[in-house]
Amino acid sequence: QMQMVESGGGLVAPGGSLRLSCAASGRTFSVYHIGWFRQFPGKEREFVAAISGGGGRTEYADSVKGRFTISRENAKNTVYLQMNSLKPEDTAVYSCAAALQWGRRNWMSYDYWGQGTQVTVSS
């Protein structure tokens, strides 16, 4: 069992930056690939980025490539999502999730989820 808690969301002006954190419990954190997803009202969760257990591989959705960076510190059981050049269309609830298989962008492939953190980009 793994528990995951996101933090770092908030209100930011267009063009601004936020860094989200995902803190996980459990001694086997490093074997899990971690993904960030976001959900718009009335929509399904959308893949944002993922990082492999060891941190050597990353993937990004086209909509955030070049603006968002995912990273992890396994010693702290934490994954980060640095979000730069934020746009109003980035406004959503952002959640982190853990999976044992790499390369899955479908949220249903992930086993453990955090509760989510709201990111609002508005002037």
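For (1) more than 17 Å from residue 101 (Cβ to Cβ); (2) under 11 Å from the mean Cα position of the chain (by Cα), each residue gets a yes or a no:
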residue: 17; (1), (2): yes, no
residue: 20; (1), (2): yes, yes
residue: 25; (1), (2): yes, no
residue: 48; (1), (2): yes, yes
residue: 52; (1), (2): no, no
residue: 57; (1), (2): no, no
residue: 89; (1), (2): yes, no
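Could you list all residues from segment 78-87 that are β-branched (Val, Ile, Thr) and either open to solvent by less than 10 Å² (accessible area, probe 1.4 Å) or within 8 Å of the chain's Cα centre (by Cα) (or both)?
79
So is residue 39 open to solvent by 70 Å² or more (accessible area, probe 1.4 Å), closer than 22 Å to residue 5 by Cβ and modelled with pLDDT of 95 or more or not?
yes
I need the full set of residues from segment 27-39 which are under 12 Å from residue 117 (Cα atoms) and either basic (Lys, Arg) or over 14 Å from the mean Cα position of the chain (by Cα) (or both), in order please.
38
When the residues of segment 63-77 are narrowed to those that are among the charged types (D, E, K, R) and open to solvent by 50 Å² or more (accessible area, probe 1.4 Å), which ends up farthest from residue 49 (Cα to Cα)?
76
Just to be sure before I move on: is residue 120 over 24 Å from residue 25 (Cβ atoms), among the β-branched types (Val, Ile, Thr) and open to solvent by 10 Å² or more (accessible area, probe 1.4 Å) in the structure I sent?
Yes: the conditions hold for residue 120.
Answer yes or no as to whether residue 53 is open to solvent by less than 10 Å² (accessible area, probe 1.4 Å) and in contact with a helix residue (DSSP H, G or I) (Cβ under 6 Å, 6 or more places away or on another chain).
Taking the combined requirement at face value, the residue satisfies it.
Exactly one of these conditions fails for residue 95: (1) small (Gly, Ala, Ser); (2) assigned to a strand (DSSP E or B); (3) open to solvent by 30 Å² or more (accessible area, probe 1.4 Å); (4) within 19 Å of residue 12 (Cα to Cα). Give me its number.
(3)
Which members of segment 17-32 meet the condition of being open to solvent by less than 20 Å² (accessible area, probe 1.4 Å) and modelled with pLDDT of 95 or more?
Hits for segment 17-32 are 20, 22, 24.
Test residue 6 against the stated conditions and say whether it is acidic (Asp, Glu), within 21 Å of residue 121 (Cα to Cα) and surrounded by 15 or more Cβ atoms within 10 Å (Cβ to Cβ).
Spelling it out, residue 6 is indeed acidic (Asp, Glu), within 21 Å of residue 121 (Cα to Cα) and surrounded by 15 or more Cβ atoms within 10 Å (Cβ to Cβ).
Go through segment 5-49 and give me each residue that's farther than 22 Å from residue 109 by Cβ and aliphatic (A, V, I, L, M).
Result: 11, 12, 13, 18.
List the number of the failed condition for residue 105; all other conditions in (1) open to solvent by 70 Å² or more (accessible area, probe 1.4 Å); (2) free of Cβ contacts under 8 Å to residues at least 12 places away in the same chain hold.
(2)
The values are calculated or read from the model by the stated rules, or taken from the named source; none is laboratory data. For clarity, every value in this text was computed on a predicted model and none was experimentally measured. Virtual Cβ from ideal backbone geometry, glycine too; neighbours counted across all protein chains shown. For accessibility, only protein heavy atoms count, side chains too; no ligands or nucleic acids. Shrake-Rupley method; radii C 1.70, N 1.55, O 1.52, S 1.80 Å.
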